[in-house]
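Colleague: Pasting a structure below so you can have a look.
The values are calculated or read from the model by the stated rules, or taken from the named source; none is laboratory data. The shown structure was predicted, so the numbers you read here are calculated from the model rather than taken from an experiment. In this analysis, Cβ positions are derived from the backbone assuming ideal geometry, glycine residues included, and neighbour counts consider all displayed protein chains.
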């Protein structure tokens with residue numbers, strides 16, 4: 001199966017990415033509760049792209065580990081980058097005056113989480129959810 005790529009530059013794109021993620025996760029056999037978590041993670045990651053970089057892309061991939069299916073979500077942008085990733089990962093920390101639930105919340109609800117960010121060059125967040 002090919003990667004599903006959803007360019008992100010508006011709230012409509014966020015909704016489209018979330019729906020595409022739900023469809024793919026449903027095809028992989030995820031339960032309703034996990035579909036909700038996956039959609040929430042996509043929403044948070046896409047919202048960060050819109051808020052900080054204005055445009056980027058959500059990439060959805062199928063994964064396998066010892067026969068266990070999973071979904072990989074990659075959120076990438078060429079925005080300003082995150083000056084202090086460790087600080088950005090602290091619950092409650094927010095540069096946008098929000099609740100600061102974004103990245104720490106995504107890390108909490110997904111099984112795997114990786115973030116690579118370079119100031120002036122953008123950010124790539126890669127998360128994976130494995131089917132239970």
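Colleague: Only one of these conditions is not met by residue 91: (1) at pLDDT 95 or above; (2) farther than 22 Å from residue 21 by Cβ; (3) touching a helix residue (DSSP H, G or I) at 6+ places or on another chain (Cβ under 6 Å). Which number is it?
Modeller: Only one criterion in (1) at pLDDT 95 or above; (2) farther than 22 Å from residue 21 by Cβ; (3) touching a helix residue (DSSP H, G or I) at 6+ places or on another chain (Cβ under 6 Å) is unmet by residue 91, namely (1).
Colleague: Exactly one of these conditions fails for residue 128: (1) in contact (Cβ under 8 Å) with a residue 40 or more places away in the chain; (2) surrounded by fewer than 17 Cβ atoms within 10 Å (Cβ to Cβ); (3) in a strand (DSSP E or B); (4) out of contact with any helix residue (DSSP H, G or I) (no Cβ under 9 Å at 6 or more places or on another chain). Give me its number.
Modeller: Going through the list (1) in contact (Cβ under 8 Å) with a residue 40 or more places away in the chain; (2) surrounded by fewer than 17 Cβ atoms within 10 Å (Cβ to Cβ); (3) in a strand (DSSP E or B); (4) out of contact with any helix residue (DSSP H, G or I) (no Cβ under 9 Å at 6 or more places or on another chain), residue 128 breaks only (2).
Colleague: Next question, about the same structure. Quick one: which helices (runs of 4 or more DSSP H) lie wholly within the range 1-92 and hold at least 3 residues that are surrounded by 17 or more Cβ atoms within 10 Å (Cβ to Cβ) and within 11 Å of the chain's Cα centre (by Cα)? Explain how you work it out, then say what you get.
Modeller: Numbers: elements: 11-27, 32-48, 85-88.
Here the list reads 11-27, 32-48.
Colleague: Something else about it: Taking the criterion of being touching a helix residue (DSSP H, G or I) at 6+ places or on another chain (Cβ under 8 Å), modelled with pLDDT under 95 and either crowded, with 17+ Cβ neighbours inside 10 Å or in a loop (DSSP other than H, G, I, E, B) (or both), would at least one residue in the range 114-124 satisfy it? Outline the logic, then answer.
Modeller: Within the range 114-124, the subset touching a helix residue (DSSP H, G or I) at 6+ places or on another chain (Cβ under 8 Å) is 115, 117, 122-123.
Now narrow it down to the ones that are modelled with pLDDT under 95: none.
No: the range 114-124 contains no residue that is touching a helix residue (DSSP H, G or I) at 6+ places or on another chain (Cβ under 8 Å), modelled with pLDDT under 95 and either crowded, with 17+ Cβ neighbours inside 10 Å or in a loop (DSSP other than H, G, I, E, B) (or both).
Colleague: Can you pull out the residues in the range 67-88 that are farther than 23 Å from residue 37 by Cβ and out of contact with any helix residue (DSSP H, G or I) (no Cβ under 6 Å at 6 or more places or on another chain)?
Modeller: 78, 80, 81, 83, 84, 86, 87
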